[in-house]
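Taking it in order: structure first as C-alpha cells, then the write-up.
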Amino acid sequence: MRMRPNVLEALAITACLVASCHETSQSPRTPRTSEAEVTGQTEITSAAVPARPTMRGLFRYRADAASFEDCATGRRYPVAMEGDYLRLERQSASTRAAGPSQPEDAGLVATVVGHVEPRMRAAGEGETIAEDTLVVDRLVGTTTDTSGCTAAIEDDGKKALTSTRWVLVEIDGRPVAPDADPNAQPPSLVFVDGSARRVSGFTGCNNVSGRWSNGGSGTLSVEGLTSTRRACASEERNRTESALLAALGAARRFEVIGSTLVLYDDQGPRARFQVAEP
C-alpha cells in the first residue's frame, strides 16, 4: 500500500523530533556560569568579612614595646607593630613632646578598631609561648584625659587577678614544662579578694598560702608565706618551687595581659602564669 506524501512527511517530522529529544536527554547539562567565574573574581559576601570591634584603652609605649589596657575590662595586651600601629605610636610620641610635664609612662587613651589574636613570643632558652596580642586595624582617635579609664583599669585589673586560677608557665625567664605525669598537678596560684586577702596554691611540690595587698596602680606585695614540707619528686620541681617562692616574696606589681598574669619585682618580670583550662 502506498502512503500519501503528506503522511510520509508527518512520519519524518515525528522521527526527527524523537531523535532530537533522545539526544538532548543524553547530553550533560551545561552549568550556569556566574559573572564571578567569567571575570575570574571571587565572590565575597558580607558574612565573609568579620566585623572588628571598637576598643578604648590606655596606650603606653616604653622600652621598645607597646601595651594597651582595655578600659572596659582592665585587660592589658601587647600591641603588634602592624596595621595602623605606627600612626598610634606617632600620636603618642607627639603627645609626650607637647606635654613634658606629663609622666613618661602616663600614656594616652586611644580608641581603635582592632582585634586580639595569639602571637608567639620568645620565652628564653629557645622556647616560645603564645600570647594574646592586640592588632590595631584602624586608629579612631586619642585623648590625654586618662581619668575616666585608669580608675576602671585598676578596679577591673584587680578583679581579673582575683577571678581565676593561674598556672605557672615561666619563671625567671625559664619555661615551666608540663610534668611527664599527666595526672601531676601543675604549679598554680589563686588570689582571693575580701576582708582578708589570701593567696594560696601549689608550688609543684607543696601547698603554699599567704597574704597579699594592693595599693593601686598595679602594685602587689605578698607576705606571710607558709608551705607544707614535702620533698620534691625531682630536682626540676625543686628548682621551680624555690624560684616561685622567691618571686612571690619579691613581688612588687602585677599585670594581667589578656589571659596572662605577670608578676614583677624591682628589676623586671619574674613569673608568668596562664589562665587554667576549665
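The values are calculated or read from the model by the stated rules, or taken from the named source; none is laboratory data. Being a predicted model, the structure only gives us computed values, none of them experimental. Every residue, glycine as well, gets a Cβ built from its backbone with ideal geometry; the counts of neighbours run over all protein chains shown.
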(request) Output the residues belonging to segment 77-93 that are of a type outside the set (G, A, S), within 15 Å of H115 (Cβ to Cβ) and surrounded by fewer than 19 Cβ atoms within 10 Å (Cβ to Cβ). (result) P78, E82, D84
(message) Whether any residue in segment 173-188 is part of a strand (DSSP E or B) and buried (at least 21 other Cβ atoms within 10 Å of the Cβ) is what I want to check.
(response) no
(message) The conditions are (1) under 30 Å from G218 (Cβ atoms); (2) at pLDDT below 90; (3) basic (K, R), and R29 fails exactly one of them. Which is it?
(response) (1)
(request) Identify, by number, the condition in (1) among the hydroxyl-bearing types (S, T, Y); (2) modelled with pLDDT under 95; (3) under 30 Å from G126 (Cα atoms) that S242 doesn't meet. (result) (2)
(request) Just name the residue that is nearest to A251 (Cα to Cα) out of those in segment 189-207 that are small (G, A, S) and surrounded by fewer than 20 Cβ atoms within 10 Å (Cβ to Cβ). (result) S200
(request) Kindly indicate whether any position in segment 210-228 is surrounded by fewer than 16 Cβ atoms within 10 Å (Cβ to Cβ), farther than 15 Å from T162 by Cβ, more than 27 Å from the chain's Cα centre (by Cα) and of a type in the set (S, T, N, Q). (result) yes
(message) On the basis of being closer than 30 Å to P118 by Cα, of a type in the set (S, T, N, Q) and within 25 Å of the chain's Cα centre (by Cα), does S188 make the cut?
(response) yes
(message) So D266 ticks every box in (1) of a type in the set (D, E); (2) without any contact (Cβ under 8 Å) to a residue 40 or more places away in the chain; (3) in contact with a strand residue (DSSP E or B) (Cβ under 8 Å, 6 or more places away or on another chain) but one. Which box is left unticked?
(response) (3)
(message) Restricting to segment 229-278, give me the number of residues that are surrounded by fewer than 17 Cβ atoms within 10 Å (Cβ to Cβ), in contact with a Ser or Thr (Cβ under 8 Å, 6 or more places away or on another chain) and under 21 Å from V116 (Cα atoms).
(response) 2
